[in-house]
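Student: Take this structure first; my questions come after.
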Amino acid sequence: MALENLQHRPDLRNKLTGELAAAERVLFSAQPNWRTDLRTLFFILLVGMFFTAIALMFFTMSAASLLGISPMLNNGKPAGLGLQLFFFLVSVVFVGAGLGFMSLPFLTVRKARNTAHAITNVRLINVYVGRDAGVESYKLEKINFIKRSDHRDGTGSLSIGYGVEKDSEGDTRPLTVDWSGIPDAEQAERIILERAMWFRKGFI
C-alpha cells in the first residue's frame with residue numbers, strides 16, 4: 001500500500017526499493033505534482049522570454065557592428081574593435097542567461113516527473129531517475145520541525161527541517177528539504193511526526 005502512488009512508474013518504484021536496507025520498509029511514497037507551481041513556472045517563462053528578447057536585440061546590434069553592417073558609435077565616432085568585441089561577448093552571455101532562464105520551467109517539470117519522495121521507518125528518501133539520477137536521504141531522528149501547506153487541488157507541500165547551519169555572517173539558518181505538490185501531504189506529515197524524536201518528546 002505504501003508504494004501505490006508509484007504503481008504507474010516502475011522505474012521510480014524499483015529505484016526506491018533498490019535503495020532500502022534489509023530491515024527498512026516504506027511507510028509512504030509519492031511523486032510531486034509540478035502543476036501545483038504552474039503559475040510560478042509560467043511567470044518564470046515569461047520573464048525569461050522578455051529578458052532573452054532584450055539580450056537578442058543587443059546581440060544583433062553588436063554582431064551587426066562587428067560585421068560592419070551597422071557600425072557602433074562612441075562619442076559620435078565608430079567604436080574601436082575592442083569595444084565592439086566587449087559588447088558582443090557581453091550580449092552572448094546575456095543571451096545564454098536568458099535561454100537558461102527560459103529552460104528552467106521545463107527542467108523543473110522534467111525533474112518533478114523523475115522524482116519520488118518516500119518515508120521509511122528510519123529516514124526520508126528522495127530518489128531521481130533519468131538525467132537527474134541520484135538519491136538523497138535524511139534520518140528521521142534529525143527532523144526538528146515540519147510545515148505543511150495545502151493546495152486547492154488536494155495536494156500539499158511540506159517543508160521539513162533537519163538541522164541548522166551558520167551563514168557567512170555567523171547567523172544560524174534552518175536546513176530544509178521541500179516536498180512540493182504531493183498527494184496525501186497530511187498523511188505524510190502525520191507519519192513523520194509519529195517518528196520524529198523532537199515531537200514525541202513533547203508529549204512524554
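The values are calculated or read from the model by the stated rules, or taken from the named source; none is laboratory data. Everything numeric in this text was worked out from a predicted model, so none of it was measured. Neighbour counts run over all protein chains shown; Cβ positions are idealised from the backbone, glycine included. We work out accessible area using only protein heavy atoms, side chains counted, and drop any ligands, DNA or RNA first. Shrake-Rupley method; radii C 1.70, N 1.55, O 1.52, S 1.80 Å.
Student: For Thr108, indicate whether it is within 18 Å of Trp179 (Cα to Cα) and open to solvent by less than 50 Å² (accessible area, probe 1.4 Å).
Tutor: On the way: within 18 Å of Trp179 (Cα to Cα): yes; open to solvent by less than 50 Å² (accessible area, probe 1.4 Å): no.
Judged against the criteria, Thr108 is not a match.
A quick yes/no check of all residues on (1) within 19 Å of the chain's Cα centre (by Cα); (2) basic (Lys, Arg); (3) over 18 Å from Ala22 (Cα atoms):
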| site | (1), (2), (3) |
| --- | --- |
| Ile125 | yes, no, no |
| Arg131 | yes, yes, yes |
| Gly134 | yes, no, yes |
| Ile143 | no, no, yes |
| His151 | yes, no, yes |
| Thr155 | yes, no, yes |
| Ile160 | yes, no, yes |
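Student: Kindly state which strands (runs of 3 or more DSSP E) lie completely within the range 132-193 and contain at least 3 residues that are of a type in the set (A, V, I, L, M, F, W, C) and closer than 25 Å to Leu38 by Cα.
Tutor: Numbers: elements: 134-139, 145-150, 156-166, 172-182.
It comes to 172-182.
Student: So Thr120 fits all but one of (1) closer than 24 Å to Thr40 by Cβ; (2) surrounded by 15 or more Cβ atoms within 10 Å (Cβ to Cβ); (3) of a type in the set (S, T, N, Q); what number is the exception?
Tutor: Result: Thr120 fails condition (1) only.
Student: Please pick out the residue among Gly96, Gly18 that is at pLDDT 90 or above and within 30 Å of Lys139 (Cβ to Cβ).
Tutor: Details: Gly96 fails: within 30 Å of Lys139 (Cβ to Cβ).
Just a single option satisfies the conditions, and that option is Gly18.
A quick yes/no check of all residues on (1) touching a Pro at 6+ places or on another chain (Cβ under 6 Å); (2) within 19 Å of Asn5 (Cβ to Cβ); (3) surrounded by 12 or more Cβ atoms within 10 Å (Cβ to Cβ):
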{"position": "Val127", "(1), (2), (3)": "no, yes, yes"}
{"position": "Ala133", "(1), (2), (3)": "no, no, no"}
{"position": "Thr155", "(1), (2), (3)": "yes, yes, yes"}
{"position": "Asp167", "(1), (2), (3)": "no, no, no"}
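Student: Can I ask one more? Hey, can you tell me all the residues within the range 103-131 that are of a type in the set (Val, Ile, Thr) and part of a strand (DSSP E or B)? Break it down stepwise before answering.
Tutor: The initial filter retains those residues of the range 103-131 that are of a type in the set (Val, Ile, Thr), namely 108-109, 115, 119-120, 122, 125, 127, 129.
Hits for the range 103-131 are Thr115, Ile119, Thr120, Ile125, Val127.
Student: Every residue in the range 21-45 that is over 20 Å from Arg152 (Cα atoms), of a type outside the set (Val, Ile, Thr) and open to solvent by less than 90 Å² (accessible area, probe 1.4 Å), please. Give the steps one after another, and end with the answer.
Tutor: Let us first name the residues in the range 21-45 that are over 20 Å from Arg152 (Cα atoms), namely 21-29, 44-45.
Filter once more, keeping what is of a type outside the set (Val, Ile, Thr): 21-25, 27-29, 45.
Result: Ala21, Ala23, Glu24, Leu27, Phe28, Ser29, Leu45.
Student: Let me ask something additional. Which one of these is touching an Asp or Glu at 6+ places or on another chain (Cβ under 8 Å) and within 15 Å of Glu194 (Cα to Cα): Val129, Val135, Val122?
Tutor: Values: Val129 fails: within 15 Å of Glu194 (Cα to Cα); Val135 fails: within 15 Å of Glu194 (Cα to Cα).
The conditions single out Val122.
Student: Just checking, which of Leu46, Leu27, Leu38 is farther than 18 Å from Gly134 by Cβ, out of contact with any helix residue (DSSP H, G or I) (no Cβ under 7 Å at 6 or more places or on another chain) and modelled with pLDDT of 90 or more?
Tutor: Values: Leu27 fails: out of contact with any helix residue (DSSP H, G or I) (no Cβ under 7 Å at 6 or more places or on another chain); Leu38 fails: modelled with pLDDT of 90 or more.
Selected residue: Leu46, the only one of Leu46, Leu27, Leu38 that is farther than 18 Å from Gly134 by Cβ, out of contact with any helix residue (DSSP H, G or I) (no Cβ under 7 Å at 6 or more places or on another chain) and modelled with pLDDT of 90 or more.
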